[in-house]
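The values are calculated or read from the model by the stated rules, or taken from the named source; none is laboratory data. Predicted model, so just to flag it, every value in this text is computed and none were measured. Using ideal geometry, Cβ is built from the backbone for each residue, glycine included, and neighbour counts are taken over all protein chains shown.
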Amino acid sequence: MIAMVKLKILETDSKYRLRGETLQAAIQEDRNLGLIPFFVSATLGTTSVCSFDLLSEIGPVCTENDLWLHVDAAYAGSAMICPEFRYLMCGIEHAMSFNTNPNKWMLINFDCSTMWVKDRFKLTQALVVDPLYLQHSWTDKAIDYRHWGIPLSRRFRSLKLWFVIRMYGIEGLQKYIREHVRLAKRFEALLRADDRFEIIGEVVMGLVCFRLKASEEANQMLLTKLNASGRIHMVPASLNDRFVIRFCVCNERAIDRDILIAYEIIKQTASIILQEILTEPITENYELEQMEEQDYINGVKEGSADSQTLFNRDASFDSLISLPNLITPPMTAAVMQPAVDPMASLDRRRGQSLAEKRSFLVRMVSDPKCYNPKIVRHLSMRTHKQMSQEMARDLAIRQAIEHGSLRSRTARCNTNIFSGNRASSIEGVRRSLEEIDDEDEVYIPEQQIGIQEPM
């Protein structure tokens, strides 16, 4: 049944909160499509930015439409033991179930999840498993928790929770949570005082979401360097398609000095990242590649000019002038090509090596284990350059193959042209060209390279 249910994720407001009018519009849209809405899941303390859906607006909508409202407070639910945070639960009376994970923010070892339901019989009716061999005489006198979930048995998780409450007491747990919130506020103040950073979302609990006022690649590089240093660990999130870094106060014994050290590490690493961006701009590398490509093109043009000069020097001008319609300059240039120039071969090998290096970069980026933000940054501006380089490489390889296969036939053609009288020269040129066209009009290499089509 669960696999057949349609799930819809609703949009949030500018503070990443679900609002009542958004839910009402989604309910009406589903009913217009012939669907039956029956369940809504709201969140108090979202994972990405620790935002709080407005239960005061969502709750009445669910009650009016007879929907089951579930409240997920996995992280922030532990903070509700402090009276000053309970305003975030306004509208909780409309909820049918409520869940929180004390192992996330109440000093309980993993795993420990608590759930409250308003009407337990609606839950147990869907999950009850009562064969004859599981029935007992205390069914009507005790709560049988095997009907509260899919497994028939469970670990004694409540014992862990009981020990922690007995050891710390309510006041001790409240002090612990309030101290984490205070430290998060301290870290937020340090970042706001630094104009290189920006705070994303509202800091309510112990989570601070921030980012550099720079590109996505710079923020990704910042987080990569911080985690690689081993001195601090953070995880990212994506908010409105923006890369965000999440800083969460977690350690039980965290103090102000820890916050200052963490900020200094982040500040120094950010300075290094920004300095690298300023000293090694992408445009300089891009311009260097343009210069290299232009040098390569000039070398090819010079090689073509030398080829034409060599052909004009060796050929008989009387024979060529007497055949203006039979032998056109493009065909002549295609047939009469000299040996490959050494400088052109060197440039071609350099271009081929550069194309192979870029192809290697593409393979690295396609593999998440080899992820490097700098490669992604450069790749976005070099894709069309890579394709052009591969096409030039393929063209050079084919020309080299053609030079080797046509050299002997070119010599044979020259012999036919410049021996005998004028008429025999014309006939010799015609026969030679027809022979070359028949044998070498289409050349298909055994293995295609790049994206070029066969000649």
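For the reader, a short list of remarks on this structure follows.
- Residue in region 169-177 that is over 41 Å from the mean Cα position of the chain (by Cα), outside the structural domain of V117 (by TED's automatic domain parsing), assigned to a helix (DSSP H, G or I) and exposed (fewer than 11 other Cβ atoms within 10 Å of the Cβ) present: yes
- Set S48, S14: member being within 28 Å of the chain's Cα centre (by Cα), among the small types (G, A, S) and either part of a helix (DSSP H, G or I) or under 15 Å from V203 (Cβ atoms) (or both): S48
- Residue under evaluation T43, criteria (1) within 29 Å of V203 (Cα to Cα); (2) of a type in the set (V, I, T); (3) modelled with pLDDT under 95, criterion not met: (3)
- Looking only at residues in region 17-37 that are in a loop (DSSP other than H, G, I, E, B), over 33 Å from the mean Cα position of the chain (by Cα) and touching a residue at least 12 places away in the same chain (Cβ under 8 Å), the one that is surrounded by the most Cβ atoms within 10 Å (Cβ to Cβ) is P37.
- Count of region 226-240 residues which are at pLDDT 95 or above and either in the same structural domain as S14 (by TED's automatic domain parsing) or charged (D, E, K, R) (or both): 0
- Selection count where residues are in a loop (DSSP other than H, G, I, E, B) and in contact (Cβ under 8 Å) with a residue 24 or more places away in the chain, scope region 131-168: 1
- Scanning region 63-72 turns up no residue that is at pLDDT 95 or above and over 20 Å from K122 (Cα atoms).
- Any hit, region 130-141, residues being outside the structural domain of M96 (by TED's automatic domain parsing), within 24 Å of N99 (Cβ to Cβ) and exposed (fewer than 10 other Cβ atoms within 10 Å of the Cβ): no
- V40 meets all of the listed conditions (1) surrounded by 22 or more Cβ atoms within 10 Å (Cβ to Cβ); (2) within 26 Å of F210 (Cβ to Cβ) but one, namely (2).
- Every condition in (1) of a type outside the set (S, T, N, Q); (2) assigned by TED's automatic domain parsing to the domain that holds D66; (3) surrounded by fewer than 10 Cβ atoms within 10 Å (Cβ to Cβ) holds for K122 except the one numbered (3).
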